[in-house]
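*Asks:* Sharing a structure with you now.
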Amino acid sequence: MTAARRLSLVTDEAHPPGPRGETGSLRVAIATQDMKSLNAHFGSAKRFAVYDVTSEGWKFVEAVAFEDVSDESGKHRPEGDYRIATKVEALKGCHLLFCLAIGGPSAAKVVSAKIHPIKVPQPQSIEDVLSRTQTMLKTAPPPWLRKVLTEAGASKKKPFEDED
C-alpha cells in the first residue's frame, strides 16, 4: 500500500496554511528526487515540491513524498494504477505539474483532476522552473496558461477576449 507523506512549513496565525494558495497564485508541483531539481518522471518521482507562484515571487507550500515508485522501465506493474491514483490524489489543488515525462494513462488522470502536466526535456533546478513560471505570469501568458489562470481564479477573462 502506498501512502503520501506530506512535509509543510509550520506557519503562524497571520499566515495560516491551507489547501488553497493566495489569490492570484498558481499552485505548482515539481517532480523531484532530491528537492533541488526537476529531475524525475511522474511515475518514478519520490517527491513533489509544491509551491505557490505569483508574478511577484513564489512560496514553498509542501513536499509530498512516496515510497513506492516506478523503475522507469516502461513496463507497468499490476498495482500501477493504484500508485498513479495515489499521486494524483495527493496533488489535487495544484494547477501545474512539471516533470521530465508522463505516460498517457497518467497524463489523462492528471488532466481529469484539473492539473495541467508540463513535460520538460532536460533536468533543471527548481528555482529555474519557478522563475520561468513567474516570468510567464508577468508577461503575456500563452493561451494554455491563460486558461489555467482563469480556471484557477487567478485571472479574469476580459469581456471581448477571443477564444484560443
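*Asks:* Hand me the list of strands (runs of 3 or more DSSP E) wholly inside region 1-107 holding 3 or more residues that are at pLDDT below 90. Don't jump to the end; show me each part of the working.
*Replies:* On the way: elements: 5-8, 26-32, 47-53, 58-65, 96-99.
Those strands (runs of 3 or more DSSP E) span 5-8.
*Asks:* Look at region 87-111 and say how many of its residues are touching a helix residue (DSSP H, G or I) at 6+ places or on another chain (Cβ under 8 Å) and small (Gly, Ala, Ser).
*Replies:* Residues in region 87-111 being touching a helix residue (DSSP H, G or I) at 6+ places or on another chain (Cβ under 8 Å) and small (Gly, Ala, Ser): 1 in total.
*Asks:* Output the residues belonging to region 103-122 that are more than 19 Å from Arg83 (Cα to Cα) and exposed (fewer than 13 other Cβ atoms within 10 Å of the Cβ).
*Replies:* Answer for region 103-122, where residues must be more than 19 Å from Arg83 (Cα to Cα) and exposed (fewer than 13 other Cβ atoms within 10 Å of the Cβ): Pro121, Gln122.
*Asks:* Ok, one more. Just for region 28-61: of the residues that are touching a Lys or Arg at 6+ places or on another chain (Cβ under 6 Å) and buried (at least 19 other Cβ atoms within 10 Å of the Cβ), which one is farthest from Ala101 (Cα to Cα)?
*Replies:* So the residue we want is Asp52.
The values are calculated or read from the model by the stated rules, or taken from the named source; none is laboratory data. Remember, predicted model here, so these are calculated numbers, not experimental data. Positions of Cβ are backbone-derived with ideal geometry, glycine not excepted, and every protein chain shown enters the neighbour counts.
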